[in-house]
Amino acid sequence: QVQLVESGGGLVQAGGSLRLSCRASGTDFSINTMNWYRQAPGKQRELVAGITSGGSTNYADSVKGRFTISRDNANNTVYLQMNSLRPEDTAVYYCNEYIMVSRIFIWGQGTQVTVSS
């Protein structure tokens, strides 16, 4: 069964840190690009960070220098380390995998991150 399962969200004070995890199953994880998106209430879903199969990364300007995306191909897991969190980082965070072979995206169920001021 193809699925992505996120974990690691929660409530944290401004300035704090969280690490999100996303474990993939049923896909050829090591060859696929992995992304983290987020969606705040009343806003469109936006790309936060991405990592290719070769380890190249990209970040939204709003999180550069604070968030780090990484992957562990042996465990089919992608991480998002979030430091210096701000109230405006509050959102549901979604893991996304681009399936190279079929050229489709699959999504996780999302995990809530709430940053209090």
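The values are calculated or read from the model by the stated rules, or taken from the named source; none is laboratory data. Please read all numbers here as calculations on a predicted model, not as lab measurements. Using ideal geometry, Cβ is built from the backbone for each residue, glycine included, and neighbour counts are taken over all protein chains shown. When the accessible area is computed, the model is the full protein with side chains, heavy atoms only, and any ligands, DNA or RNA have been set aside. Shrake-Rupley method; radii C 1.70, N 1.55, O 1.52, S 1.80 Å.
Add +1 for every Lys or Arg and -1 for every Asp or Glu among the other residues with Cβ under 15 Å from the Cβ of PHE29, and state the total. Local net charge: -2. Each Lys or Arg adds one and each Asp or Glu takes one away; over the other residues whose Cβ falls under 14 Å from the Cβ of ILE51, this sums to -1. Let me make sure I get this right: for the chain, a, b and c are the square roots of the gyration tensor eigenvalues over alpha carbons, sorted descending. Under 1.5 in a/c it's rounded, otherwise prolate if a/b > b/c, else oblate. Which is it? Prolate, because a/c is 1.5 or more and a/b exceeds b/c. In region 22-70, Cα pairs under 8 Å separated by at least six residues give a relative contact order of 27 percent. Accessible surface for PHE105 stands near 110 Å², nearest 10, in the context of the full protein assembly shown (1.4 Å probe).
In the chain, Cα pairs under 8 Å separated by at least six residues give a relative contact order of 36 percent.
Each Lys or Arg adds one and each Asp or Glu subtracts one; over the other residues with Cβ under 14 Å from the Cβ of GLN39, this totals -1. The magnitude of the dipole of region 1-100, with charges of +1 and -1 set on the Cβ of Lys/Arg and Asp/Glu and taken from the Cα centre, is near 180 debye. Taking 17 Å as the cut-off, the amide N atoms of region 1-17 that come nearer than this to a point 7 Å along the Cα-to-beta-carbon line of ASP28 belong to 1-3. Let me make sure I get this right: for region 53-117, a, b and c are the square roots of the gyration tensor eigenvalues over alpha carbons, sorted descending. Under 1.5 in a/c it's rounded, otherwise prolate if a/b > b/c, else oblate. Which is it? The shape class here is prolate.
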